[in-house]
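Trainee: Supplied in structure tokens, the structure appears directly below.
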Amino acid sequence: MPDLLIELFGEEIPARMQADAAGHLQKAVTNALVERGCLYEGARALVTPRRLALSVHGLPVATPDITEERKGPRVGSPDGAIQGFLKASGLASIDQAKIESDPKKGEFYVAVIEKPGRPTAEVIAEILPAIVRSFPWPKSMRWGAASTSTASLRWVRPLHSIVCTFGPETEDPEVIRFDIDGIASGDVTQGHRFMASGPIKVKRLDDYVAKLEAANVVADPEARKSRILADAQNLCFAQGYELVEDEGLLNEVAGLVEWPVVLMGDFEEAFLAIPDEVIRATIRANQKCFVVRDPKTGRLASRFVLTANLEARDGGKAIVAGNEKVIRARLADALYFYQTDQRPLPDFEDKGKPLDQRMAKLRALNVVFHEKLGTQGERVDRIKALAREIAPRVGADAGLAERAAELAKADLMTEVVGEFPEVQGLMGRKYALLQGEAESVAIAIEDHYRPQGPNDRVPTEPTAIAVALADKLDTLTGFWRIDEKPTGSKDPFALRRAALGVIRLIVENGLKLPLSSIPGFTADLLAFFHDRLKVSLREKGQRHDLVDAVLASGDRNDDLLAVVRRIEALAELLATEDGKNLLAGTKRAANILRIEEKKDGVSYDGAPDAALIHAAGLPEERALFGLLQSAAGHARDHVAREDFAGAMKVLGELRPAVDAFFDKVTVNAEDPAVRANRLRLLGELRTATAAVADFSRIEG
């Protein structure tokens, strides 16, 4: 079966756009082929800085013949309806239609339309120009003489050539001919910009990849990444160092080169006085280079690793020297910023230590946090008050929590954070230690932003927990107060992330912190937290119906730790046979009660008549009544002690009595008094299980 090879070759594609572009090309082409009946066996997209390529293998030579039947008007319909049918179905006369009968509608015309298959090459020539012209680049341009027309081709950078070949492995493929704004398709591409010369004629994927490799182009981005990483690790190991791996930087660098060549440079050891994180941020941001660790000290070494795009005649000496020059200049700036931050701040020297001076400047500048929520200084005051209130509940010292909250935002006014915003918090911790703050205060300054995502670590030091909670809860209650809530996919103030952060802080640290006790916390904000909790638990594999069942019980739903533990205990119960059967019996009882209560217009929540049960009840009825009297109380006692597993165990022991009751007892007895009493007994079962969850919301 034939294979298709496409390459769109031009000027450099920004690294950040390459993966999405390759994915779109594959999806757009394969979807268009399938829509036209061209099914395929597999597809593979490749991308380098100068080219997008796609191979689709196992395509048919032609699309299949298709027979369609189109139903027309009834026999004897007006001529206008007949003529419209003929035109729509492509028939010359009504004699070409067949007649079918319907028992209800009578006889009607049916057009049988034969659509012969088309050569796949013809289909490809039809779809590719449209895909190229409508390609969704985040930014695109027109170029050359044709750029004067708004109808001319737009591409991320000027497009030079198009490869489009199609054919079986056993033969030389044909070129599928088409033209896009004067760029004609062919079977010729180019190798490396500097290390290869002359055109390269290609056939299919394996031939394409091999010939590009020979022309100093690694077409597969994963292969480039693997080569860069392995060469960098080996180069560092040979020098007695360790590479500080960086997946994001690796992806970016692999998108900047077609022929990766890894080299090592150095800088003066005096720059190691700068915090490692700042050195890394400087070298990464300015030169897209990796930093190197000294395994003997655990700190960074005065080395860096760069990835060139060619094998230079001098072995890369000039490339390394150029990078060293830029990095030394940037590190000199970083060292100046770092030292400046530790000196007195002009006009604020009387405001205490360096961080206190920066905080005083932040207040004096009246930097606005939000027009309806005041300045950053006012927000810090709210966080301080809330951190002081939360501190005793999480085992933290109130004074230390307040001090950490006071300094938490001060590093926003430092030179280093102004240059590298990604190190905010981190620099606050370092500067706090340098000015003699308690270690717990310094940790809290760094960690109060955390967790910032599902994979970010959660603070565990009590002072940090208090300030992190205060920071996020102030944000949430504040935006709820001014009615700025997330809507649909829009969440400009990252309130969903803040709520998930609070949930993780509470649950992963095992905190008893009822949210309704937080000043400004509202019922609809609690509902928002419940929605976020559902998302969090679903991502961990927990059933959504169990979450709904526990939340619907309405008991202490603002205590997120208790809610989560109750859900976990319920899941463990329902994983057992006793739990599954108890669920079935309880749901049966709930269904009976729902029907009968609606019919009778009363609620059967009252206590059953014990005397009537003992006098007229069946043995199974008396057994269930006796167990329920003790089980309900014991379950409530266990829940009060937050022993949810114990509560579930007590309920699980009801299973045999519930099974026997439904097996032997007729609930809707002829005697109205007995019937009502048995319904109240089922009400007791509903009440007993409701101590831990609303079983009616559980599926299955």
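The values are calculated or read from the model by the stated rules, or taken from the named source; none is laboratory data. What you see is a predicted model, and the numbers here were worked out from it, not measured in a lab. Here the Cβ is made from the backbone with ideal geometry for all residues, glycine too, and neighbour counts use every protein chain on show. With ligands, DNA and RNA removed, areas are computed over all heavy atoms of the protein, side chains included. Shrake-Rupley method; radii C 1.70, N 1.55, O 1.52, S 1.80 Å.
Trainee: Which residue, of 242, 213, is without any contact (Cβ under 8 Å) to a residue 24 or more places away in the chain and more than 18 Å from residue 12 (Cα to Cα)? Show your work before the answer.
Mentor: Working: 242 fails: without any contact (Cβ under 8 Å) to a residue 24 or more places away in the chain.
Going through 242, 213 in turn, the sole match is 213.
Trainee: Let me ask something else about it. Among the numbered criteria (1) farther than 30 Å from residue 336 by Cβ; (2) in contact (Cβ under 8 Å) with a residue 12 or more places away in the chain; (3) among the small types (Gly, Ala, Ser), which one does residue 398 miss?
Mentor: Residue 398 satisfies every listed condition except (2).
Trainee: Here is a follow-up. Would you point out the residue of the stretch 409-423, among those that are among the charged types (D, E, K, R) and modelled with pLDDT of 95 or more, that is surrounded by the fewest Cβ atoms within 10 Å (Cβ to Cβ)?
Mentor: Pass one, the stretch 409-423, residues among the charged types (D, E, K, R): 409, 411, 415, 419, 422.
Narrowing further to those that are modelled with pLDDT of 95 or more: 409, 411, 415.
Details: 409: 26, 411: 27, 415: 17.
Per the criteria, the residue is 415.
Trainee: Within the stretch 519-540, does at least one residue satisfy the condition of being assigned to a helix (DSSP H, G or I), under 19 Å from the mean Cα position of the chain (by Cα) and among the small types (Gly, Ala, Ser)?
Mentor: yes
Trainee: Given the options 398, 432, 444, name the one that is surrounded by 23 or more Cβ atoms within 10 Å (Cβ to Cβ) and over 32 Å from the mean Cα position of the chain (by Cα).
Mentor: Being surrounded by 23 or more Cβ atoms within 10 Å (Cβ to Cβ) and over 32 Å from the mean Cα position of the chain (by Cα) holds for just one of 398, 432, 444, which is 432.
Trainee: Check 528, 493, 479 and return the single one that is open to solvent by 50 Å² or more (accessible area, probe 1.4 Å), hydrophobic (A, V, I, L, M, F, W, C) and touching a residue at least 12 places away in the same chain (Cβ under 8 Å).
Mentor: Values: 528 fails: open to solvent by 50 Å² or more (accessible area, probe 1.4 Å); 479 fails: open to solvent by 50 Å² or more (accessible area, probe 1.4 Å).
Only one candidate qualifies: 493.
Trainee: Follow-up. Given the conditions (1) part of a helix (DSSP H, G or I); (2) under 30 Å from residue 51 (Cα atoms); (3) modelled with pLDDT under 95, which single one is not true for residue 350?
Mentor: (2)
Trainee: Which of the residues belonging to the stretch 670-693 are farther than 23 Å from residue 650 by Cβ, in a loop (DSSP other than H, G, I, E, B) and in contact with a helix residue (DSSP H, G or I) (Cβ under 9 Å, 6 or more places away or on another chain)?
Mentor: 671
Trainee: Let me ask something additional. Just to be sure, is residue 278 assigned to a loop (DSSP other than H, G, I, E, B) and aliphatic (A, V, I, L, M)?
Mentor: Values: assigned to a loop (DSSP other than H, G, I, E, B): no; aliphatic (A, V, I, L, M): yes.
No, not satisfied.
Trainee: On to the next question. Given the structure, is residue 498 farther than 20 Å from residue 535 by Cα and not basic (Lys, Arg)? Show your work before the answer.
Mentor: Working: farther than 20 Å from residue 535 by Cα: no; not basic (Lys, Arg): yes.
So residue 498 does not fit the description; no.
Trainee: Let me ask something else. Give all pairs with beta carbons closer than 9 Å in which a residue from the stretch 624-635 that is under 15 Å from residue 648 (Cβ atoms) meets a residue that is outside any helix (DSSP H, G or I); count only pairs at least 6 apart in sequence or on separate chains.
Mentor: These pairs meet every condition: 631/653; 631/654; 632/691; 635/691; 635/692.
Trainee: Looking only at strands (runs of 3 or more DSSP E) that lie completely in the stretch 43-138, which have at least 3 residues being within 37 Å of the chain's Cα centre (by Cα) and touching a residue at least 12 places away in the same chain (Cβ under 8 Å)?
Mentor: Details: elements: 51-57, 66-74, 98-102, 106-115.
Because the criterion is at least 3 residues that are within 37 Å of the chain's Cα centre (by Cα) and touching a residue at least 12 places away in the same chain (Cβ under 8 Å), the strands (runs of 3 or more DSSP E) in the stretch 43-138 that meet it are 51-57.
Trainee: Would you check if residue 305 is closer than 30 Å to residue 213 by Cα and assigned to a helix (DSSP H, G or I)? Please lay out each step first, then the result.
Mentor: Numbers: closer than 30 Å to residue 213 by Cα: yes; assigned to a helix (DSSP H, G or I): no.
No.
Trainee: Sticking with this one: Can you go through 505, 513, 574, 570 and tell me which one is under 25 Å from the mean Cα position of the chain (by Cα) and either of a type in the set (A, V, I, L, M, F, W, C) or within 29 Å of residue 587 (Cβ to Cβ) (or both)?
Mentor: After applying the criteria, what remains is 505.
Trainee: Here is a follow-up. Looking at (1) part of a helix (DSSP H, G or I); (2) under 22 Å from residue 458 (Cα atoms); (3) modelled with pLDDT of 90 or more, find the lone condition where residue 516 falls short.
Mentor: (2)
Trainee: Identify all residues within the stretch 658-690 that are of a type in the set (Ser, Thr, Tyr) and open to solvent by 50 Å² or more (accessible area, probe 1.4 Å); write none if there are none.
Mentor: Step one: of the stretch 658-690, the residues of a type in the set (Ser, Thr, Tyr) are 666, 687, 689.
666, 687, listed by residue number.
Trainee: What strands (runs of 3 or more DSSP E) completely inside the stretch 144-251 contain at least 2 residues that are of a type in the set (A, V, I, L, M) and open to solvent by less than 30 Å² (accessible area, probe 1.4 Å)?
Mentor: Details: elements: 159-167, 183-186, 188-190, 199-201.
Qualifying strands (runs of 3 or more DSSP E): 159-167.
Trainee: Do you know which residues across the stretch 332-369 are open to solvent by 20 Å² or more (accessible area, probe 1.4 Å), in contact with a Phe, Trp or Tyr (Cβ under 8 Å, 6 or more places away or on another chain) and in contact (Cβ under 8 Å) with a residue 40 or more places away in the chain?
Mentor: Selection gives 332, 335, 342, 354, 361.
Trainee: Yes or no: the stretch 497-514 includes at least one residue that is touching an Asp or Glu at 6+ places or on another chain (Cβ under 6 Å) and either open to solvent by 40 Å² or more (accessible area, probe 1.4 Å) or hydrophobic (A, V, I, L, M, F, W, C) (or both). Let's see the steps before the verdict.
Mentor: To start, the set of residues in the stretch 497-514 that are touching an Asp or Glu at 6+ places or on another chain (Cβ under 6 Å) comprises 514.
Now narrow it down to the ones that are either open to solvent by 40 Å² or more (accessible area, probe 1.4 Å) or hydrophobic (A, V, I, L, M, F, W, C) (or both): 514.
Within the stretch 497-514, one or more residues are touching an Asp or Glu at 6+ places or on another chain (Cβ under 6 Å) and either open to solvent by 40 Å² or more (accessible area, probe 1.4 Å) or hydrophobic (A, V, I, L, M, F, W, C) (or both).
Trainee: Filter the stretch 1-47 down to the residues that are closer than 30 Å to residue 288 by Cβ, open to solvent by 20 Å² or more (accessible area, probe 1.4 Å) and among the acidic types (Asp, Glu) and list them by number.
Mentor: Selection gives 11, 12, 20.
Trainee: If only one of 285, 329 is of a type in the set (A, V, I, L, M), closer than 23 Å to residue 12 by Cβ and open to solvent by 20 Å² or more (accessible area, probe 1.4 Å), which one is it? Show your work before the answer.
Mentor: Working: 329 fails: closer than 23 Å to residue 12 by Cβ.
Unique residue meeting the criteria: 285.
Trainee: Would you mention how many residues in the stretch 308-337 are assigned to a loop (DSSP other than H, G, I, E, B) and not acidic (Asp, Glu)? Break it down stepwise before answering.
Mentor: Applying the first criterion (assigned to a loop (DSSP other than H, G, I, E, B)) to the stretch 308-337 yields 309-316.
With not acidic (Asp, Glu) added as a condition, the list becomes 309-310, 312-313, 315-316.
The number of residues fulfilling the criteria is 6.
Trainee: Give the residue that is least open to solvent (accessible area, probe 1.4 Å), with candidates limited to residues of the stretch 370-385 that are among the basic types (Lys, Arg) and within 21 Å of residue 467 (Cβ to Cβ). Give the steps one after another, and end with the answer.
Mentor: Kept after step one, since they are among the basic types (Lys, Arg), are these residues of the stretch 370-385: 372, 379, 382, 384.
Then keep just the ones that are within 21 Å of residue 467 (Cβ to Cβ); that gives 379, 382, 384.
Working: 379: 13, 382: 71, 384: 42 Å².
Looking at the filtered set, the residue picked out is 379.
Trainee: Just checking, does the stretch 560-569 include any residue being in contact (Cβ under 8 Å) with a residue 40 or more places away in the chain, surrounded by 18 or more Cβ atoms within 10 Å (Cβ to Cβ) and among the charged types (D, E, K, R)?
Mentor: Yes: the stretch 560-569 contains one or more residues that are in contact (Cβ under 8 Å) with a residue 40 or more places away in the chain, surrounded by 18 or more Cβ atoms within 10 Å (Cβ to Cβ) and among the charged types (D, E, K, R).
Trainee: If a residue has to be at pLDDT 95 or above and either under 22 Å from the mean Cα position of the chain (by Cα) or farther than 18 Å from residue 159 by Cβ (or both) to count, how many in the stretch 1-15 make the cut? Step through it out loud before you land on a result.
Mentor: Filtering the stretch 1-15 for residues at pLDDT 95 or above gives 3-15.
Next, only the ones that are either under 22 Å from the mean Cα position of the chain (by Cα) or farther than 18 Å from residue 159 by Cβ (or both) stay: 3-4, 15.
Residues flagged as at pLDDT 95 or above and either under 22 Å from the mean Cα position of the chain (by Cα) or farther than 18 Å from residue 159 by Cβ (or both) within the stretch 1-15 amount to 3.
Trainee: Which members of the stretch 415-464 meet the condition of being in a helix (DSSP H, G or I) and among the β-branched types (Val, Ile, Thr)? Reasoning before the result, please.
Mentor: Within the stretch 415-464, the first condition is being in a helix (DSSP H, G or I), and the residues that meet it are 415-419, 421-423, 426-434, 439-447, 462-464.
Those that are in a helix (DSSP H, G or I) and among the β-branched types (Val, Ile, Thr): 416, 417, 423, 441, 443, 445, 463.
Trainee: Please tell me if residue 270 is surrounded by 19 or more Cβ atoms within 10 Å (Cβ to Cβ) and farther than 27 Å from residue 258 by Cβ. Walk me through how you get there before you give the answer.
Mentor: Numbers: surrounded by 19 or more Cβ atoms within 10 Å (Cβ to Cβ): no; farther than 27 Å from residue 258 by Cβ: yes.
Against the criterion (surrounded by 19 or more Cβ atoms within 10 Å (Cβ to Cβ) and farther than 27 Å from residue 258 by Cβ), residue 270 does not qualify.
Trainee: For the stretch 541-559, how many residues meet the condition of being open to solvent by 40 Å² or more (accessible area, probe 1.4 Å), part of a loop (DSSP other than H, G, I, E, B) and of a type outside the set (Lys, Arg)?
Mentor: To start, the set of residues in the stretch 541-559 that are open to solvent by 40 Å² or more (accessible area, probe 1.4 Å) comprises 541-544, 548, 552, 554-556.
In the following step, the residues that additionally are part of a loop (DSSP other than H, G, I, E, B) were identified as 541-543, 552, 554-556.
Imposing the further condition that a residue be of a type outside the set (Lys, Arg) reduces the set to 541-542, 552, 554-555.
Result for the stretch 541-559: 5.
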